[in-house]
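Enquirer: After the structure tokens below, expect a handful of questions from me.
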């Protein structure tokens, strides 16, 4: 981890969506999509953001890029507040923060050639002459394992894996410092998935890129992440160095999640009983710990207050502390 | 006689570019009470094979080009269309990947389950309702008396998949075809659904044909595995044998490209280079030869064989592999 201030600081970030109902579409409540999230990402580091559908991980990613306006809280990128940046400041910041999306079929404009798709960010930001831009696009395509001749082809002529390479090339066009990758390999076949993961790891080393890697696939996250944050119902319930979190999960939800992954080894069976029930609605989250209605360790105190993120029992106290939001973390 | 016997099945699709041979000579056996995993990547023909068992391949553009599917000795492909409803949903039930689209959005759950019971067992409305409520309870839907009046959009993805499973199992089928039943679900919900399928299978003694691309799910659920590549079965055998010592280079490559638990962080994952051959005009030799890591290690004279002869499925190690030079103990 590099010294000095982290690249990205997210502080108590909240994103609510109003729920409207009734005759005059009056506001009747809020969807608490992101509920007070705090973390940092250092240059060249990968933070894996894990959770199930509806936990707010994608909204969190979008709010950091300010594709969504935050309800409250701060997002500092190199010390500049993204959340309150003016249009011109935001334009600058967006050069440094880029995104890769899940679906390589819908995230590329079918009417544009691959060359145009990758060149567009360069054009928007006025980087060099057209000839220089095309030269750069050619180099980018080669960097991601495609060839310069593919410049004039359309997305439909490419396979899923190749399209995702185009998505990576587009994200890299402006030499960003942080890439937010939202389920970048979930739509890909196993053999192609490992190619894209290898590519992302290689690019990170070459360019000192930081990633926020959003995924529901824990085995992929474990492979690629330095730190890992587990989200449940809009909150981070556990965060820490990836190896630490996997070796000593300190939140009951993390344990269930790790235990629920089928292991590609028929001699080993899944370790835990499946979680009962379903995640509660983020419109009316339960009082206290959001996980208590499904937690086998829950006691009365769990219903009283939201537990803060505190050092886990095995926290070694390094640069990246291991934190868990569970009042019984020392007992389980 | 096995419960399900597929012999040399071939299915094509008439496309503008010509006849696409999606399934090209597939043979399978499935015994009563056993679970067979049909594995492979997008476009390998696994879903087409599965739907053909219920003659669900749309025709046109689909076309049965040859082969036999015998269920309890009866050739399904030779049955007149009027006989099909006697098999569909009664002796053979199917669960699809996407529970969002496989339920009818304009009818309540009660109506949809009731229809099945009326057709299969001739139950009247009251009896059907009682049986439906009981079954919804069995598949783990809370408050089944209330939920039975719900429309599909009022249920979550996991709940809809449970309704589909309830519908499939209410008929007490001898064969359950599950086509990626948990792919659209979260891991904790997936764990619940897999447990449910297994528990109900054990109780009813049904055979299960499990179509998936997830090697973890295969390892957990299946007794036997058949691996498909480009419309063919390239390897088949006992689940332990396949995961321990896969004999086809493709199977071996697939298994090795998964990130391993506790594996070296950000280490380069083995990949399978290249792309699947076009099924419009598949090569007359081994379809994997182009991409094969094992072939590249062979002396020139042996490689010629990979590019001239079409390998047939034959015993290799503890499984069956369609390869001239099975892996043996070699590592990738």
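The values are calculated or read from the model by the stated rules, or taken from the named source; none is laboratory data. Since this is a predicted model, take the numbers as computed values, not measurements. Here the Cβ is made from the backbone with ideal geometry for all residues, glycine too, and neighbour counts use every protein chain on show.
Enquirer: Quick one: count up the residues across the range A:234-255 that are at the interface with chain B (Cβ under 10 Å from one of its Cβ atoms) and crowded, with 24+ Cβ neighbours inside 10 Å.
Expert: So the answer is 1.
Enquirer: While we're looking at this one, here's another question. Specify the residue that is farthest from residue A:332 (Cα to Cα); the eligible residues are those in the range A:256-268 that are assigned to a helix (DSSP H, G or I) and within 7 Å of chain B (Cβ to nearest Cβ).
Expert: The residue in question is A:260.
Enquirer: Let me ask something else about it. Does the range B:238-282 hold any residues that are more than 8 Å from chain A (Cβ to nearest Cβ), buried (at least 21 other Cβ atoms within 10 Å of the Cβ) and part of a loop (DSSP other than H, G, I, E, B), and which are they?
Expert: Scanning the range B:238-282 gives B:246, B:247, B:248, B:276, B:279.
Enquirer: Need at least 2 residues that are modelled with pLDDT of 90 or more, crowded, with 20+ Cβ neighbours inside 10 Å and under 15 Å from the mean Cα position of the chain (by Cα) per element, so show me which helices (runs of 4 or more DSSP H) inside the range B:1-115 make the cut, counting only ones lying wholly within it.
Expert: Where helices (runs of 4 or more DSSP H) fall fully within the range B:1-115 and carry at least 2 residues being modelled with pLDDT of 90 or more, crowded, with 20+ Cβ neighbours inside 10 Å and under 15 Å from the mean Cα position of the chain (by Cα), they are B:46-53.
Enquirer: Would you mention how many residues in the range A:147-182 are farther than 20 Å from residue A:98 by Cα and not in a helix (DSSP H, G or I)?
Expert: Summing the residues that are farther than 20 Å from residue A:98 by Cα and not in a helix (DSSP H, G or I) in the range A:147-182 gives 5.
Enquirer: Mind listing whichever residues of the range B:120-160 are more than 14 Å from chain A (Cβ to nearest Cβ), outside any loop (DSSP other than H, G, I, E, B), surrounded by fewer than 14 Cβ atoms within 10 Å (Cβ to Cβ) and without any contact (Cβ under 8 Å) to a residue 40 or more places away in the chain?
Expert: B:125, B:126, B:130, B:134, B:145, B:146, listed by residue number.
Enquirer: While we're here: Which residue out of A:104, A:121 is under 23 Å from the mean Cα position of the chain (by Cα), farther than 25 Å from residue A:12 by Cα and in a helix (DSSP H, G or I)?
Expert: A:121
Enquirer: Now, a different point. Just to check your reading of the model, which residue among B:48, B:23 is under 21 Å from residue B:277 (Cβ atoms), touching a residue at least 40 places away in the same chain (Cβ under 8 Å) and more than 14 Å from every other protein chain (Cβ to nearest Cβ)?
Expert: B:23
Enquirer: Does any residue of the range A:80-100 turn out to be surrounded by 20 or more Cβ atoms within 10 Å (Cβ to Cβ) and out of contact with any strand residue (DSSP E or B) (no Cβ under 9 Å at 6 or more places or on another chain)?
Expert: yes
Enquirer: Considering only residues that are touching a residue at least 40 places away in the same chain (Cβ under 8 Å) and not in a loop (DSSP other than H, G, I, E, B), which ones fall in the range A:295-332?
Expert: A:323, A:324
Enquirer: Can you tell me which condition residue A:185 does not meet? The list is (1) under 25 Å from residue A:31 (Cβ atoms); (2) within 20 Å of the chain's Cα centre (by Cα); (3) not in a helix (DSSP H, G or I), and all the others hold.
Expert: For residue A:185, the failing item is (1).
Enquirer: To continue, here is another question. Collect the residues in the range A:170-195 that are farther than 17 Å from residue A:46 by Cα, crowded, with 22+ Cβ neighbours inside 10 Å and away from every other protein chain (no Cβ under 14 Å), keeping them in residue-number order.
Expert: Result: A:170, A:173.
Enquirer: Answer yes if at least one residue in the range B:294-304 is within 12 Å of chain A (Cβ to nearest Cβ) and either in a loop (DSSP other than H, G, I, E, B) or surrounded by fewer than 22 Cβ atoms within 10 Å (Cβ to Cβ) (or both), and no otherwise.
Expert: Among the residues of the range B:294-304, not one is within 12 Å of chain A (Cβ to nearest Cβ) and either in a loop (DSSP other than H, G, I, E, B) or surrounded by fewer than 22 Cβ atoms within 10 Å (Cβ to Cβ) (or both), which makes the answer no.
Enquirer: Pick from the range A:204-224 the residues that are more than 8 Å from every other protein chain (Cβ to nearest Cβ) and touching a helix residue (DSSP H, G or I) at 6+ places or on another chain (Cβ under 7 Å): which of them is modelled with the lowest pLDDT?
Expert: Here the residue is A:215.
Enquirer: What tally of residues in the range B:161-197 results from selecting those that are assigned to a helix (DSSP H, G or I) and within 11 Å of chain A (Cβ to nearest Cβ)?
Expert: Residues meeting the conditions: 11.
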